[in-house]
1. Could you give the spread of the C-alpha atoms of the range 2-113 along their three principal axes, from largest to smallest, in whole angstroms?
2. For the peptides 16-24, 70-78, what is the packing order when you average, over each peptide's residues, the other Cβ atoms within 10 Å and list the highest mean first?
3. What distance in nm separates the two pseudo spin-label positions at residue 23 and residue 111, each 7 Å out from Cα along the beta-carbon direction?
C-alpha cells in the first residue's frame, strides 16, 4: 500500500492516514482520503468530494511509510473513473488525475485548508458536547 499526498507529510502522519483510510475512506481532520479499489477500469471509494481529484496536483509518494522520490518523477495520468460515494451509495463517472504508479489499495490524500465542520467518525468530541460548551 502506497500513500500519495499533495503536500509533504511529517513522519507520523502517513501512519495515521493509513489507519484512517483503512477504517473510513472519507475525511480526517482537514485531509480528504481516497482509496483505489480497482485499477482497470479505475474505481475509487470515498466519502470526500471528487473535485479534489480533478485538479492536477504534484503528488508526494510514500512507500512503507517512507518517502519515495523515484515514484514522484513519473507524474500523473488522466483517467476515467467510477467513484463509489458511500454517502449517497452511487457510482459517479468523472475524469481524475492519479499517479501513474498507483495500484490497488493505494491511498490518495488531499489536504484541504477549508475545514468541514460536519460530524465524522474521527471528531474528538460529540457535536452536542461541543455546542453545549460554547454556550
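1. Principal extents (largest minus smallest coordinate, Cα): 35, 28, 25 Å.
2. Values: 16-24: 16.7, 70-78: 12.9.
In decreasing order of mean packing, 16-24, 70-78 become 16-24, 70-78.
3. So the two model labels end up 2.2 nm from each other.
None of the figures in this text is laboratory data; all of them are computed from the coordinates on show. All values reported here derive from a predicted model rather than from experimental measurement. Every residue, glycine among them, receives a Cβ derived from its backbone with ideal geometry; neighbour counts consider all protein chains shown.
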